[in-house]
Every structure is written in C-alpha cells, then in structure tokens.
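All remarks here apply to the structure that follows.
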Amino acid sequence: MFTGASRGADGFEEFARAAQHRLYRTAYLLCGDADAARDLTQTTLAKLFQHWRRAGAADHPDAYARTVLTRTYIAERRRRLRDLLAHTPIAAPAPAVGPELTVTLLAALAELPPRARAMVVLRYWEDLSVETVAGLLRCSPSTVKSQCSRSLATLRARLGDAHLYTARG
C-alpha cells in the first residue's frame, strides 16, 4: 500500500512500483486476458502520471488508481462494443455451452456485461463495500446490490455445480 510520503514525480514512481501488481491483478480479473490486463494497467498508470498532482494529493491514491482503472476498463469496453455493433451484422446468439465442456470462472465472468463484471470483481474479489463500488461506478448502492445479485445468479447458472468448488478455500 502506498504511504503517500512523496507527492512529486519521485512519488509517482514509488506509487507505480507499489501499486502495479495490485492494479494488474484487478485488470486481469476485469479483462480475463493477460495482454489486455497489461495494456489496461499501463493506460491507468499513464493517466495517473498525467494527473499525478491531483492523484498524489488524494487521501487514498490506491482507491483513486482503482477508480481510474475501473472507469478506463468500462469506457474501453463500451467503445469496442460500439465499434463492433457499427461494423458487424447482428447474428443469432451462439448455443449454450454443452455439459461436456468445463466452464471456468474467468470464462463465466467474461460473459457478463462490463459494468456487471466490474461490480462483481470490485465487490467480491477486491472486497469493497457496496457504497465504495457505487461511488467508483457512479451509481446508487441499490444498483450495485441488484446487479451483483443478478450477476451472481447468472454465474451460478453458467457454472452449475462448479461454483461449489470455487467457494471452498
């Protein structure tokens, strides 16, 4: 965790070194792809460097960075979706995955919409409170609760009995 001892350019380097692994882990859970997670982490750090005066002065630079990461992820996904919809004819949905295939948690997460995926990752993997997630995603706490509930039900349905193994420590 970043202590915020130095707020200048050296402070950014210190912060980036301390936070890059946490940011990458969260980015990987959001993206489900190592290369995309590296790109998202790099983009987040670039944005933080660009606005380090404000970010470094924040009470909690780690929370500020997580907010930038989450919002960047959602914005990129929306942009890609818009581009895809603009250039791709609408096709019938693919058939459901057969029972012979093993569905992993990351594959199931990848099927959630970006905002719902972000809510689930932040709420349950990052163990953030409902209010914190609502603040990060600029929505109401009741939206976070309802979206997480629906998303978890979707994940349970897609994973079948596999979700029993993911709950065990």
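Going by the conditions given, is ARG80 over 22 Å from GLU14 (Cα atoms), modelled with pLDDT of 90 or more and open to solvent by 40 Å² or more (accessible area, probe 1.4 Å)?
Values: over 22 Å from GLU14 (Cα atoms): yes; modelled with pLDDT of 90 or more: no; open to solvent by 40 Å² or more (accessible area, probe 1.4 Å): yes.
Spelling it out, it is not the case that ARG80 is over 22 Å from GLU14 (Cα atoms), modelled with pLDDT of 90 or more and open to solvent by 40 Å² or more (accessible area, probe 1.4 Å).
Tell me the residue from ALA157, ALA153 that is modelled with pLDDT of 90 or more, over 27 Å from THR72 (Cβ atoms) and exposed (fewer than 14 other Cβ atoms within 10 Å of the Cβ), please.
ALA153
The residues on offer are ALA65, ALA91, ALA75, ALA55, and the sole one that is of a type in the set (Gly, Ala, Ser), assigned to a loop (DSSP other than H, G, I, E, B) and either over 13 Å from PRO114 (Cα atoms) or at pLDDT 65 or above (or both) is ALA91.
The values are calculated or read from the model by the stated rules, or taken from the named source; none is laboratory data. Everything numeric here is computed off the predicted structure, so don't read it as measured data. Note that we place each Cβ from the backbone using ideal geometry, even for glycine, and neighbour counts take in every protein chain shown. The protein model used for the area step is the full one, side chains on, heavy atoms only, and it has no ligands, DNA or RNA in it. Shrake-Rupley method; radii C 1.70, N 1.55, O 1.52, S 1.80 Å.
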